[in-house]
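Peer 1: Below is the structure I would like to discuss, written out as structure tokens.
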Ligand SMILES: C[S@@+](CC[C@H](N)C(=O)[O-])C[C@H]1O[C@@H](n2cnc3c(N)ncnc32)[C@H](O)[C@@H]1O
């Protein structure tokens, strides 16, 4: 895919998704920094997403199970865990070979740090009714290496995409296309949750730098609204008092909605 380049802002150089060496992504260093312990901001996000999916399937009980997808899974299992009660299978779609290998290692029996994340999910039914989430994930999860710009349309019945569209390029145009590809891979009516770093200036993993583009609530809304039913909710999660995750961001944003039944395009 060829995309026009856009000015990334004063003093910043452009780095497009296809120019980044994603295979330099150090999965273990990423988990160590981000997910070794459950942070209060991730905990808030989990509750919001959990309740969104639960409320959706309360209204549409006959709709589950559906095939689910987590786009750009990286080395994070908690989006996939939010999908567990609703899915016959969960595609863990990821570009970096390193992260696909990490996912393949975790799926047969994930590490103990993820128990705290599951602990938040299991505060409510039907998550609480899943006795062995490791066995459920083992049965359902399918790591798949691929490029989100090539995702097929209308294939999945529920989807998540966490910290990907704004954390894979400095280009706002690529951000918008990434959000669109995520929305378009979902079937009409499918519930989704997407999370974003707010005001990100880029990040480093195990000493390697990766690109990001700075987005706020408005860009998230503009990116998703054309593809979502009008009741979409966007929540801004500020940096918690305990400590920021890193330098160079202003918080997190989570958007929960349903794929529009009739396309606006
Ligand atoms: C900041 S990490 C987020 C990982 C994880 N979703 C999380 O919540 O922590 C961004 C992820 O997007 C993946 N990625 C980057 N470009 C991609 C592309 N074109 N298609 C699929 N995944 C991509 C990266 O390999 C990386 O795993």
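The values are calculated or read from the model by the stated rules, or taken from the named source; none is laboratory data. Keep in mind the model is a prediction, meaning the values are calculated, not measured. Quick reminder, even Gly has a Cβ in these numbers, built from the backbone with ideal geometry, and neighbours come from all protein chains shown.
Peer 1: Given the stretch 202-241, what strands (runs of 3 or more DSSP E) lie entirely inside it while holding 1 or more residues that are away from the ligand (no atom under 16 Å from the Cβ) and surrounded by 17 or more Cβ atoms within 10 Å (Cβ to Cβ)?
Peer 2: Of the strands (runs of 3 or more DSSP E) lying wholly inside the stretch 202-241, those with at least 1 residues that are away from the ligand (no atom under 16 Å from the Cβ) and surrounded by 17 or more Cβ atoms within 10 Å (Cβ to Cβ) span 233-237.
Peer 1: Anything in the stretch 172-201 that is within 11 Å of the ligand (Cβ to nearest atom), closer than 18 Å to residue 69 by Cβ and out of contact with any strand residue (DSSP E or B) (no Cβ under 9 Å at 6 or more places or on another chain)? List them, or say none.
Peer 2: Matches in the stretch 172-201: 177 only.
Peer 1: Would you mention how many residues in the stretch 84-96 are more than 9 Å from the ligand (Cβ to nearest atom) and modelled with pLDDT of 95 or more? Give the derivation first.
Peer 2: Our first condition is that a residue be more than 9 Å from the ligand (Cβ to nearest atom); within the stretch 84-96, this holds for 84-92.
Cutting the leftovers down to modelled with pLDDT of 95 or more gives us 84-87, 89-92.
Qualifying residue count for the region: 8.
Peer 1: Take residue 56 and tell me if it is away from the ligand (no atom under 13 Å from the Cβ) and either within 21 Å of residue 206 (Cβ to Cβ) or exposed (fewer than 15 other Cβ atoms within 10 Å of the Cβ) (or both). Let's see the steps before the verdict.
Peer 2: Working: away from the ligand (no atom under 13 Å from the Cβ): yes; either within 21 Å of residue 206 (Cβ to Cβ) or exposed (fewer than 15 other Cβ atoms within 10 Å of the Cβ) (or both): no.
Criteria not met by residue 56.
Peer 1: So, of the residues in the stretch 139-171 that are part of a helix (DSSP H, G or I) and farther than 15 Å from residue 86 by Cα, which turns out to be nearest to the ligand (Cβ to nearest atom)?
Peer 2: To start, the set of residues in the stretch 139-171 that are part of a helix (DSSP H, G or I) comprises 139-140, 148-150.
Retained after the next criterion (residues that are farther than 15 Å from residue 86 by Cα): 148-150.
Details: 148: 4, 149: 6, 150: 8 Å.
Applying the filter and picking the extreme gives 148.
Peer 1: Go over the candidates 92, 83 one by one and state the one that is buried (at least 22 other Cβ atoms within 10 Å of the Cβ), assigned to a helix (DSSP H, G or I), in contact (Cβ under 8 Å) with a residue 40 or more places away in the chain and on the phi < 0 side of the Ramachandran plot.
Peer 2: 83
Peer 1: Tell me, yes or no, whether the stretch 120-133 has at least one residue that is within 16 Å of the ligand (Cβ to nearest atom), within 17 Å of residue 73 (Cα to Cα) and either at pLDDT 95 or above or out of contact with any helix residue (DSSP H, G or I) (no Cβ under 8 Å at 6 or more places or on another chain) (or both). First the steps, then the outcome.
Peer 2: Filtering the stretch 120-133 for residues within 16 Å of the ligand (Cβ to nearest atom) gives 120-121.
In the following step, the residues that additionally are within 17 Å of residue 73 (Cα to Cα) were identified as none.
Taking every residue of the stretch 120-133 in turn, none turns out to be within 16 Å of the ligand (Cβ to nearest atom), within 17 Å of residue 73 (Cα to Cα) and either at pLDDT 95 or above or out of contact with any helix residue (DSSP H, G or I) (no Cβ under 8 Å at 6 or more places or on another chain) (or both).
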